[in-house]
Structures are given as C-alpha cells and as structure tokens.
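Asker: Below are the structure tokens for one structure; questions will follow.
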Amino acid sequence: MDEYITIALPKGKLFDKSVRLLAKVGYSAENVTEDSRKLVISNEETKVRFIIAKTVDVPTYVEYGAADIGIIGKDVLLEQDKDVVELLDLGFGRCRLMMAVPEAKRRAKLTDYAHLRVATKYPNCAKAYFNKLGIQTEIVKLNGSIELGPIVGLSEMIVDIVETGRTLKENKLAEVDSIFTATARLIANRASFKLKFARLHKLVEDLRIVLNEEDK
Ligand code: PRP
C-alpha cells in the first residue's frame, strides 16, 4: 500500500498560506516553493509528497487519485463540480464572485443587464446565476485578466473574483451583485479518504486545532 500522502497545492494566491498551514501540522518538505522547477517534492521521513499544480487542475488531480488531498478555493469547486470530498473550510483566501460593470454603465436594476455579453473565468457559475435571475446573457469564457473584457469591448460586464477590490477599481469597474463568498478548502479523493482514513482524520483534527488557535 502507498503509505505516502500526496497533496496537490495550487500555485497562486493560496500557495503560501497552504504551505505554512500544512507545515504547522507536520506536513512539510524542503523547497516547497511556487516557482520550484521540481513539480513533485517528497519528504521521506514524514511520508508526504507535494504536487505543485495550476489552480484549476487541483480538483482533477484529487478526483483521479493522483493526489490524495488538495487545497483549493470553494469558487473553483463550485465551478467544476468534481467528485471529491470536502474535508475542511480553511478560512483563508476569502473572496467573492462578483458581477461587475464599467462605472459609467451602471444600470438601475439587475434585469436591465439582460441580453448583454459577460466575460468570465466561471462560465458555469455565471450561467447558473443569470438563469436564476431569469436574465438571458451571452457568456464568453476567458482564462484570465477578465477585467479587460469591457475595456476592449469584448463584453459589457464581467463575473469575476474580487478579493481586495483593487483590480476592479484600477479598471474603473463597479460592483453590481455579489454571487457568493468563497474560502480555501481541504479536499480529498473519495478512495483515499477511506483507505487512509486514520491519517487524514488526524490531519483534519490537527488543522482544526491550528485554525482555532489562529482565530483567537
Ligand atoms: C484574480 C481575479 C481578479 C483579481 C482580484 O485574478 O480574477 O483579477 O484576482 O483581486 P483583487 O480584488 O484583490 O484585485 P488572478 O490574480 O488570480 O489572475 P487572473 O486575472 O489572471 O485570473
């Protein structure tokens, strides 16, 4: 049996906090850095293996069992609807999925945005949101720099993640409606959760203790 626990870590905003948090419960390895050329880093002593992955790919590694567990934003989980077990809300990486428009193009009510084009990295969440409101829109999927959409006339509005609000401000976009709030989650592969239950259960309990301490 594979006695290692393999952890998929997302590059980007959640990376540093994920590494720091896991180190506090004894899950660490030398040179786990975001810009590491080595994409798999193991610690033979503690039997931990880290996979450094692109954020959107973390749930895929976990779903297929290439990683036993992973850390990923709830926003990505809601968008992808992967078959993974959500073990713990880690609390950090708090952000909102936001509907936003150029400040000069704000309209009186949400239904006034019907039949417009929306640029987003979250087409499924955006579709569900507009459907629920009964608003027809055309959704254009982008992979980054979503705020560029309205600036270059690709779309009239955007649905994107807002953390500090700086990006919206710098691009003269106004918040219209918050769709949901998301934080980082610890997820597990279904089979790993059963086969490595004792170790994963202990990890979750240890993380809970550390997070409670940090909250105080
Ligand atoms: C995210 C998001 C916004 C920005 C929001 O992008 O898509 O662009 O962060 O953060 P803020 O409210 O603190 O300014 P990310 O940095 O992940 O890169 P991307 O635009 O290439 O997706």
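Values quoted throughout were computed directly from the atomic coordinates according to the rules given, and no laboratory measurement underlies them. Because the structure is a prediction, the values reported are computed rather than measured. Backbone-built Cβ (ideal geometry, glycine too); neighbour counts: all protein chains shown.
Asker: Out of the GluC sites (Glu not before Pro) in region 41-127, which ones are loop residues according to DSSP with at most 15 other C-beta atoms within 10 Å?
Answerer: Counting only loop positions with at most 15 other Cβ atoms within 10 Å, the GluC sites (Glu not before Pro) in region 41-127 are Glu44, Glu45.
Asker: Can you give me the pair-distance distribution of region 125-216, C-alpha pairs, 10 Å bins, whole percents?
Answerer: Bin by bin from 0 Å, the calculated values are 12, 30, 21, 22, 14, 0.
Asker: If contacts are Cα pairs under 8 angstrom and at least 6 residues apart, what is the relative contact order of the chain in percent?
Answerer: 27 percent
Asker: Something else about it: Compute the angle between helix 15-24 and the longest alpha-carbon principal axis of the chain, please, reported from 0 to 90 degrees and rounded to the nearest 10.
Answerer: 30 degrees
Asker: Now a separate question. Using the Karplus curve 6.51 cos²θ - 1.76 cosθ + 1.60 with θ = phi - 60°, what ³J(HN,Hα) values do you get for each residue of region 122-128, in whole Hz, with x for Gly and Pro?
Answerer: So the J values, rounded to whole Hz, are 10, x, 5, 5, 5, 4, 4.
Asker: If you don't mind, there's one more thing I want to ask. Label-point separation (nm) for Thr167 and Lys194, each offset 7 Å from Cα along Cα-to-Cβ?
Answerer: Label at Thr167, label at Lys194, 3.9 nm between them.
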